[in-house]
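J.: Here you go, one structure.
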Amino acid sequence: MLKNASNITRISARLAIPLSGIALILAPLVARQPSDHSLRFGVASAFADESHAAVLLSGRTARPAASDRASITIDYPKDGSIFPPDILPPTFIWRDPSGSAETWHFDITFADGSKPIHATSHGEPIQIGKIDPRCVSENNKLPSLTPEQAAAHTWIPDADTWAIIKQHSAEHPATIEITGVTGSAPDGPVSEGRVTLTTSKDPVGAPIFYRDVPLMPSEGAKNFIQPLAPSSLFLINWRLRFIDQPESRLLIHDLHTCANCHSFSADGKTMGIDVDGPKNDKGLYAVVPIRANMSIRNQDMVSWNSDMSVGKSRVGFMSQVSPDGQYVLSTFAGAGRDIPSSFFVENFKDYRFLQVFYPTRGILAVYNRATGRREPLPGADDPKYVQTDGVWSPDGKYIVFARAEAKDPYVDGQQLPTHANDPSEVQIQYNLYRIPFNGGKGGQPEPILGASNDGMSNNFPKVSPDGRWIVFVKCRNGQLMRPDSQLYIVPVDGGVARRMRCNTSLMNSWHSFSPNGRWLVFSSKSRSVYTQMYLTHIDEQGHDSPPIYIDNSTASNRAVNLPEFVNIMPDQMESIEVPASDLYRIIDNALALQQAGDNAAALAEWKKALEIDPNDARANNGIGIALSLSGDSEGAIAYLRRATQINPDFFEAYYNLGLELAKKNCVDEAIDAWLNTVRIRPAFAAGHENLGYAFYLQGKFADSLTHLRLALEADPDRVSDLNLAANLLATSPDSSLRNSADALALADRAQTLTHGQDAAILDTLSAAYAEAGRFPNAIKVEQQAIAIATQQGKTALVGTLKEHLMRYESNAPLREPPDSVSF
């Protein structure tokens, strides 16, 4: 056993744990409130040696306390705690200031008249739980005991004793009196303390699904900090915990990519979870039926970014499956916005609070599983605001969400924060609103009195299963996992918000109601900066109880987050396989090989990907590129066509298909492919550029000029587009297209960008001068072009330029657009 804090590092270094999660962590409740700059923390495991404890059922009553007895502080459970009837025996934790007590007597009396229980304990010290050695890094520290924890003693009732305590404290509180005695005078107590507890008639009745993560930030090149290095993503686990069991089920582990927020339908039939795709694509969401043995396949994924682009409009953030499992509600960046312009994200090397993350712009949108369509929710899609954290009412008729005035997450000259709750954070205070769902038609949002306009940030609402209460987080700035996060409860129609009794000293958040509505699970860092989870009982009047610790949730140097109750039976969710992650690993390997120039190896990986899922559009597009590079144009076209058939909005596949068709001189088909590209991505400059060239080759100069202008709207410095558009405006046989002023402007921009050293661009500029009737300028510029082409040894071009010069010398404009262009 670990006897004092100084032995922690030495002993922990030798510990290795299986991820099935045995006897991992029990911690004291007495971590002191930290300042912003110095966090006091500690974690521990208290497994008393039952050979040192004796339990008696008798009529003996506790002796009266003498006035000179020291006062024992009982740190856990707190006075007035309410335990679930289905929870395992807790660890009693106390501190005895007498300094002389060697043994402690427990006298447990019941208001129902039952015989008292008497137990004796040697008060084993708190111990640090097992360590996961894979999660130790230079940027974190092993958990350690605070001075209070190091001074504490523990006792765990055996199963029979705990069963009796629960049985006789179901209607009225039981009183637990602890008295300390010395070895030399066992009948002379030197200290005493007491606490009352009750066992609720309400069982928890459902397991808790949660994410189990390391806290090991990683610093890379240019001091870039990540919450977790990509090479360590496999360390993230997902577990399921029934509180009447000593260990959790390990359900998901060793994923290639990260997975984030999860959600369950109220009927326990459907699960949704963000699973990052290839290239760290955070726009994927899996919706799967809940079974005993589950599988998350690529076919189960919804891509929020329907054009298959990565990181454009959606990040894995608090998606919520509707109570009936038919809809998914989520936060999106909104029209014309992308993730960097919509989220404030800062990562820190301080592993205790290693990330600040919250939206500053965004709308709510609803995905209809039946139609496969995602639509903004009217009333929660106003670009003047950020609308986020949407949750469903139990009947699915309305939605509660957080709203604040929209703002840019980053501005020029902004000082960035160096730690959580730094005043340099972008300041944003959310208010809670309620809006009807109305079959996706939305309505008028209304603020919730008591959770809005109070100078604080009100966020992360959860509606109770009976529809009467909202539990939410209140903090100074931002949302969710803040050091000062506190839980509040307010009537669903608004009213006076009450600070909940269950709040601990440091970070209270990530909460979820049990299906029967009588229990709330939440996360806190009060016992340790390695986040743990707790329960509180909530009665019909919305009154809650002190926190009940759920022990043995993970290793002591790992954190529990996103706990959520699942309305299932014990024989469900026994395993979850994620073959989608295996596919994404192969796709990422193929992309990396392709990037490195090893096309043969990349081709082999793409074939593996298609063996797993022949209908994956990304894999069909990837193998099409690989075949093109290997010279198999016919094969490339077949796979690229297949990619566009699988996903008619896959703009990249259409673009690549157009390139391959153009190589075979199938210009009409290439044009059709590129028209689809710009249909999907209207501001995609390369698509418009290629259309400009393709229409030019067909002599459709008006269409060519239209797309060249659109390309330049998206990217004004595309030199080749500037040159061709200026040439058309200066030399087109169609007088309705010619415009000397525009031609001069575009050509002058092109020659500026090329520093006057490109002979072909100077030739275009001279043609624009000639079209404007400024022949001396045309002659001068053409002579410069001839000199540069001569110096560069471009004999054929020199000949063409001299012919143009002769026309200008005879005051004749050019009416001959270039004979050819290339893509």
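J.: Sorted by accessible area (1.4 Å probe), largest first, how do LEU762, LEU744 line up? The partial results should precede the final answer.
T.: Values: LEU762 5, LEU744 30 Å².
From most exposed to least exposed: LEU744, LEU762.
J.: Let me ask another. Could you do me a favour and compute the accessible area per residue for the chain, 1.4 Å probe, result in Å²? Intermediate results must be reported in sequence, preceding the final value.
T.: Details: 32810 Å² over 823 residues.
With all protein chains present, the chain gives 40 Å² per residue.
J.: So who's got an amide H within less than 5 Å of the one on THR103, skipping anything under 5 residues away but keeping other chains? H placed 1.01 Å off N, in plane.
T.: VAL181
J.: Send over the semi-axes of region 191-309's equivalent ellipsoid, whole angstrom and largest first, taken as the square roots of 5 times the C-alpha gyration tensor eigenvalues.
T.: On the way: eigenvalues 224, 110, 29 Å².
Computed over region 191-309, the values are 33, 24, 12 Å.
J.: Something else: Could you work out the helix-only [θ] at 222 nm for the chain, with each DSSP H run of four or more residues adding -39,500 (n - 2.57) and the total divided by the number of residues, to the nearest 500 deg cm²/dmol? All intermediate terms of the calculation are to be shown ahead of the outcome.
T.: Numbers: 16 runs with 203 residues, N = 823.
The helix contribution divided over the chain gives -8000 deg cm²/dmol.
J.: Using modelled backbone amide H atoms (1.01 Å from N, in-plane), which distant-in-sequence or interchain residues come within less than 5 Å of PHE437's amide H?
T.: Under 5 Å from the amide H of PHE437 lie the amide H atoms of TYR398, ILE399, each far enough along the sequence or on another chain.
J.: Continuing with this model, one more query. When the C-alpha atoms of region 338-436 are aligned to their principal axes, what extent does each axis show, in angstrom, from largest down?
T.: The principal-axis extents, from largest down, are 44, 29, 26 Å.
J.: Whole angstrom only: what separates the Cα centroid of region 719-743 from the Cα centroid of region 522-538?
T.: Cα centroid to Cα centroid, the span is 68 Å.
J.: List the equivalent ellipsoid semi-axes of region 144-184 in whole Å, largest first, each obtained as the square root of 5λ for an eigenvalue λ of the Cα gyration tensor. Let's see the in-between values first.
T.: Values: eigenvalues 142, 47, 26 Å².
Its equivalent ellipsoid spans semi-axes of 27, 15, 11 Å.
J.: Over all alpha-carbon pairs in region 418-569, figure out the percentage whose distance exceeds 22 Å. Mind dumping the intermediate values first?
T.: Values: 4874 of 11476 pairs.
So the portion of pairs separated by more than 22 Å is 42 percent.
J.: Above 54 angstrom, tally the Cα pairs of the chain and express them as a % of all pairs, no decimals. Let's see the in-between values first.
T.: Details: 93477 of 338253 pairs.
When all Cα pairs of the chain are counted, 28 percent exceed 54 Å.
J.: Lys/Arg Cβ at +1, Asp/Glu Cβ at -1, dipole of the chain taken about the Cα centre: which of ASN656, ALA702, PRO90 is farthest positive-ward?
T.: Checked the options; the winner is PRO90.
J.: Provide the net charge surrounding LEU251, with neighbours chosen by a C-beta distance below 9 Å and charges set as Lys +1, Arg +1, Asp -1, Glu -1. Intermediate results must be reported in sequence, preceding the final value.
T.: Working: positive: ARG239, ARG249; negative: GLU574.
Net of charged neighbours comes to +1.
J.: I'd like the Karplus ³J(HN,Hα) series for region 794-811: coefficients 6.51, -1.76, 1.60, θ = phi - 60°, whole numbers in Hz, and an x wherever there's a Gly or Pro.
T.: Going residue by residue, I get 8, 4, 4, 5, 4, x, 5, 5, 5, 5, 5, 4, 4, 5, 5, 5, 9, 6 Hz, with x marking Gly and Pro.
J.: Could you check the simple spin-label distance between SER295 and ASP454, using points 7 Å along Cα→Cβ, in nm with one decimal?
T.: Going from the SER295 label point to the ASP454 one covers 4.9 nm.
J.: Taking the alpha-carbon centroid of each part, what is the distance from region 605-652 to region 266-295 in angstrom?
T.: 25 Å
J.: Could you work out Rg/(2.2 N^0.38 Å) for region 324-392, with Rg from alpha carbons only? Could the numbers behind the result be given before it?
T.: Details: Rg = 14.4 Å, N = 69, 2.2 N^0.38 = 11.0 Å.
Compared with the compact-globule rule of thumb, region 324-392 sits at 1.31.
J.: Next question. Per residue, what volume in Å³ does the convex hull of the Cα atoms of region 609-652 enclose?
T.: On the way: hull volume 2.5 nm³, N = 44.
Residue-normalised Cα hull volume stands at 56 Å³.
J.: Leaving ligands, DNA and RNA out of it, rank LEU88, LEU603 by accessible area with a 1.4 Å probe, largest first. Walk me through the numbers before you get to the answer.
T.: Working: LEU88 60, LEU603 30 Å².
Largest accessible area first, the residues go LEU88, LEU603.
J.: Let me ask something additional. From the P(r) of region 131-264, could you give the percentage of C-alpha pairs in the tail past 22 Å? Kindly include the intermediate steps, with their values, before the conclusion.
T.: On the way: 5760 of 8911 pairs.
Roughly 65 percent, rounded to a whole number.
J.: Keeping all protein chains in the complex and leaving out DNA, RNA and ligands, what accessible area do you get for PHE353 with a 1.4 Å probe, in Å² to the nearest 10?
T.: For PHE353, solvent-accessible area is about 20 Å².
J.: While we're on this one: May I ask you to list the GluC sites (Glu not before Pro) in region 477-574 that are in a DSSP loop and have at most 11 other Cβ atoms within 10 Å of their Cβ?
T.: Sparse-neighbourhood loop GluC sites (Glu not before Pro): GLU540.
J.: Let me ask something else. Distance check, please: which entries in LYS269/LYS462; LYS282/LYS349; LYS279/LYS474; LYS607/LYS663; LYS222/LYS279 exceed 27 angstrom between their Cα atoms? Write down the numbers at each step before the final one.
T.: Values: LYS269/LYS462 20 Å; LYS282/LYS349 23 Å; LYS279/LYS474 35 Å; LYS607/LYS663 24 Å; LYS222/LYS279 21 Å.
From the list (LYS269/LYS462; LYS282/LYS349; LYS279/LYS474; LYS607/LYS663; LYS222/LYS279), the Cα-Cα distance tops 27 Å for LYS279/LYS474.
J.: Still on this structure, I have one more. Taking the dipole about the Cα centre of the chain, with the C-beta of Lys and Arg at +1 and of Asp and Glu at -1, give me whichever of GLN245, ALA741, GLN355 is farthest to the positive side.
T.: The residue sitting most towards the positive pole is GLN355.
J.: Averaging over all projection directions, find the projected area of the Cα convex hull of region 524-665 and quote it in nm² with one decimal place.
T.: So the mean shadow area of the Cα hull is 14.6 nm².
J.: If you rank MET216, MET507 by how much accessible surface each has, with a 1.4 Å probe, what is the order from largest down? The partial results should precede the final answer.
T.: Values: MET216 20, MET507 0 Å².
Highest to lowest solvent-accessible surface, that is MET216, MET507.
J.: Follow-up question, since we're still on this one. With everything on Cα atoms, drop me the angle between helix 633-646 and the longest principal axis of the chain, reported from 0 to 90° to the nearest 10.
T.: Taking Cα atoms only, the helix is inclined about 50 degrees.
J.: Let me ask something additional. Checking the a/c ratio against 1.5 first, then a/b against b/c, what shape does the Cα gyration tensor give for region 169-230? Kindly include the intermediate steps, with their values, before the conclusion.
T.: Numbers: a/c = 5.66, a/b = 1.83, b/c = 3.09.
Since a/c reaches 1.5 but b/c is at least a/b, the shape of region 169-230 is classed as oblate.
J.: Relative contact order of the chain, please, whole-number percent, based on alpha carbon pairs below 8 angstrom and at least 6 residues apart. Kindly include the intermediate steps, with their values, before the conclusion.
T.: Working: 2002 pairs, mean separation 80.8, N = 823.
Once divided by the residue count of the chain, the mean separation gives 10 percent.
J.: Of all accessible surface on the chain at a 1.4 Å probe, what whole percent is carbon and sulfur?
T.: On the way: 16580 of 32810 Å².
Answer for the chain is 51 percent, counting heavy atoms of protein chains only.
J.: Next up: Along the principal axes of its C-alpha atoms, what lengths does region 666-769 span, in descending order and rounded to whole Å?
T.: 36, 27, 21
J.: For region 751-767, take each phi angle, set θ = phi - 60°, evaluate the Karplus expression 6.51 cos²θ - 1.76 cosθ + 1.60, and give the result in whole Hz per residue in order, putting x for glycine and proline.
T.: 6, 5, 5, 9, 6, x, 10, 10, 5, 5, 6, 5, 4, 5, 4, 5, 5
J.: Return the long-range amide H neighbours of ASP276 (sequence gap of 5 or more, or a different chain), with a cut-off of under 5 Å between placed amide H atoms.
T.: Correct list: CYS258, ALA259, ASN260.
J.: What is region 357-496 by shape, rounded, prolate or oblate, if you read a ≥ b ≥ c off the alpha carbon gyration tensor as root eigenvalues and call it rounded for a/c under 1.5, prolate for a/b larger than b/c, and oblate otherwise?
T.: Working: a/c = 2.19, a/b = 1.35, b/c = 1.63.
Taking the square roots of the gyration eigenvalues as a ≥ b ≥ c, region 357-496 is oblate.
J.: Still on this structure, please answer the following. Could you name the lysines in cross-link range of LYS115, using Cα to Cα under 23 Å and dropping any fewer than eight places away on the same chain?
T.: LYS166, LYS201
J.: Quick one: net charge around ALA670, please, counting Lys, Arg +1 and Asp, Glu -1 for every other residue with C-beta under 13 Å from its C-beta.
T.: Its environment carries a net charge of -2.
J.: With +1 on each Lys and Arg Cβ and -1 on each Asp and Glu Cβ, how big is the dipole of the chain about its Cα centre, in debye rounded to the nearest 20?
T.: Values: 75 positive and 92 negative charges, 143 e Å.
It comes to approximately 680 debye.
J.: Which lysines does LYS130 reach when only Cα atoms under 22 Å apart count, and residues fewer than 8 places away in its own chain are ignored?
T.: LYS130 reaches LYS3, LYS141, LYS525.
J.: Same structure again: Given region 707-823 reduced to its alpha-carbon atoms as identical point scatterers, what log10 I(q)/I(0) does the Debye formula return at q = 0.11, 0.12, 0.23 Å⁻¹?
T.: Relative scattering, expressed as log10 I(q)/I(0), comes to -0.31, -0.37, -1.36.
The values are calculated or read from the model by the stated rules, or taken from the named source; none is laboratory data. Predicted, not measured: the structure shown is a model, and the values here were computed from it. All Cβ positions, glycine included, derive from the backbone under ideal geometry; neighbour counts span all protein chains shown. These accessible areas exclude ligands, DNA and RNA; they are computed on the full protein's heavy atoms, side chains included. Shrake-Rupley method; radii C 1.70, N 1.55, O 1.52, S 1.80 Å.
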